[in-house]
Structures are given as C-alpha cells and as structure tokens.
1. Evaluate the distance, in nm, between pseudo-label points positioned 7 Å from the Cα of LYS136 and of MET12 along their respective Cα→Cβ axes.
2. Compute the length gained on full extension between ASP44 and LYS97: take 0.36 nm times their separation in residues and subtract their Cα-Cα distance, giving the result in nm to one decimal.
3. Give LYS100/LYS136; LYS23/LYS97; LYS23/LYS104; LYS53/LYS137; LYS53/LYS134; LYS100/LYS134 a once-over and call out the pairs whose C-alpha atoms are over 29 Å from each other.
4. What is the sum of charges, Lys and Arg at +1 and Asp and Glu at -1, for the other residues whose Cβ falls under 10 Å from the Cβ of ALA43?
5. Give me the Kirkwood hydrodynamic radius of the chain, using the inverse of the mean 1/r over all pairs of distinct Cα atoms, in Å to one decimal.
6. If you put +1 on each Lys and Arg Cβ and -1 on each Asp and Glu Cβ, how big is the dipole of segment 1-42 around its Cα centre, in Debye rounded to 20?
7. Could you sort 48-56, 138-146 so that the peptide with the highest average Cβ count within 10 Å comes first and the rest follow in order?
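What follows is calculated from the coordinates using simple rules that are stated; it is not laboratory data. Keep in mind that what you see is a predicted model, and the values were worked out from it rather than measured. Positions of Cβ are generated from backbone atoms using ideal geometry, with glycine treated the same way; all protein chains shown enter the neighbour counts.
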Amino acid sequence: MLMDEPTTHLDMASVDALIEALKEFEGTICCISHDLYFLNALADHVVHIDRGKVTVYPGDYDYFKRRQAQWHEENPMAIEVPVIEKKPAKPAEDPRKQAKRQAKIEAELLELHARLEELAAQLSDPELYADYEKVKKVGEEMERVQERIQDNESELRG
C-alpha cells in the first residue's frame, strides 16, 4: 500500500484510528509523511534517498535520526544534520558501576544496530528471495536483534 501524507487534515483521534487500522494490515506499507508521531507508531524501516544513494535503516524514524546524528559526528565536514540530545542517566547507588554498565550497553547497542543494518541489506538483495529458508532465517535474526535493542534501550532509559 502506498500512502502520501495520510494524516493531512485528520484530527488526533482519526490519526490514532488510522494507526490502529494500519497495524492490522498484513501487507507492506510505503508511506511518505511529515507526521513523526504517525511514522514512529508504524515504521519499522526508513528508506533514505540522498543524491541517488538509497539506504535502508531498520527501525523507526527516531532510530533513523540517531543514525544520521551519529554519521554526522563521524563526518564533521558533511552537510549539517540535527543532533538529538541524550537524556542524562538516572543516578544509581554506585555511579561508577552505573557508568560502566551504561557504556557496556551503549557498545552493545552499536554492535546490534550495525548487525541490524547488515540484515536489512541482506533483505534488500533480490537474490536472497530465491531461498525461502534463508529469508526466514534472516527475518528471525532481525526480530531477535530488534528485541535485544529494545531491551537495551529500555534499560538505558531506566
């Protein structure tokens, strides 16, 4: 299903109803929208097209923005990209132990996001779909990685 700005002229109750209806849809939805609430409620991939280069980001729009900010930090001479502010960690009983745990989680998150991008790249290869078992295996691993990312992000938020 292709959708272009589906929430334009809708009130919040209608947007929520549309989101719930689309969550029940079993097919693929390709959506162009400026409504970040709507996108984050539904998107599990963001396709970014820049100067003819297509990049698929597994995750919602917030994940895409974090990756863009990270890319900008690594490439300071590139075009300006808004940086997302991090929330400070909640104080723990032992700040050193908390900082060490947070660093470990953040390192694991970087690895998990890199793996998720690798899996998304595999899924974008048409040759993969010649073998259903490989597609299924990649999809299942992608789900496990996404769950682990959510667990880690929840732990960081406290």
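1. In this crude label model, LYS136 to MET12 measures out at 4.4 nm.
2. Gain on extension, ASP44 to LYS97, equals 15.7 nm.
3. On the way: LYS100/LYS136 36 Å; LYS23/LYS97 40 Å; LYS23/LYS104 34 Å; LYS53/LYS137 27 Å; LYS53/LYS134 26 Å; LYS100/LYS134 37 Å.
Exceeds cut-off: LYS100/LYS136; LYS23/LYS97; LYS23/LYS104; LYS100/LYS134.
4. Values: positive: none; negative: ASP44, ASP60, ASP62.
Around ALA43, the surrounding residues sum to -3.
5. Evaluated on the chain, it is 18.0 Å.
6. Details: 1 positive and 8 negative charges, 18 e Å.
Using only the charged Cβ atoms, the result is roughly 80 debye.
7. Per-residue mean Cβ counts within 10 Å order the peptides as 138-146, 48-56.
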